[in-house]
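Just so it is clear, none of the values below were taken in a lab; they were calculated from the coordinates. The model shown is predicted, which means the values in this text are computed figures rather than measured ones. Neighbour counts run over all protein chains shown; Cβ positions are idealised from the backbone, glycine included.
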């Protein structure tokens, strides 16, 4: 099958303990952002047509999530 060697390389990489730990942590950090966007912000599809609008919408969503995260971190630092 075409690309089978790439799949095997990825499988061997993922069988290592440090890779498993890395992807376990990724699930806690990155995947939560997607769930937050879909569940709390109602972002389950793009509202514009075309690649430029999709990139703009993604950028704005990322900016909003980062600003909310920074605000949360500042509030926690001020009132531990």
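Shape call for the chain from the C-alpha gyration tensor, a ≥ b ≥ c root eigenvalues: rounded (a/c under 1.5), prolate (a/b greater than b/c) or oblate? Because a/c hits 1.5 or more and a/b fails to exceed b/c, the chain counts as oblate. Taking other C-beta atoms within 10 angstrom as a stand-in for reagent exposure, 22, 79 fall in the order 79, 22, fewest first.
Rounded to the nearest 500, the 222 nm mean residue ellipticity of the chain from helices alone is -27500 deg cm²/dmol, with -39,500 (n - 2.57) taken per DSSP H run of at least 4 residues.
Using only Cα coordinates, the Kirkwood hydrodynamic radius of segment 27-67 works out to 10.8 Å. Helix 51-78 and the longest principal axis of the C-alpha atoms of the chain enclose an angle of approximately 70°.
Cβ-to-Cβ counts within 10 Å put 9, 43 in ascending order as 9, 43, the fewest first. Projecting label points 7 angstrom from Cα along Cα→Cβ for residue 10 and residue 47 puts them 3.3 nm apart.
Between helix 17-40 and the chain there is an angle of about 40 degrees, using the helix long axis and the longest principal axis of the Cα atoms.
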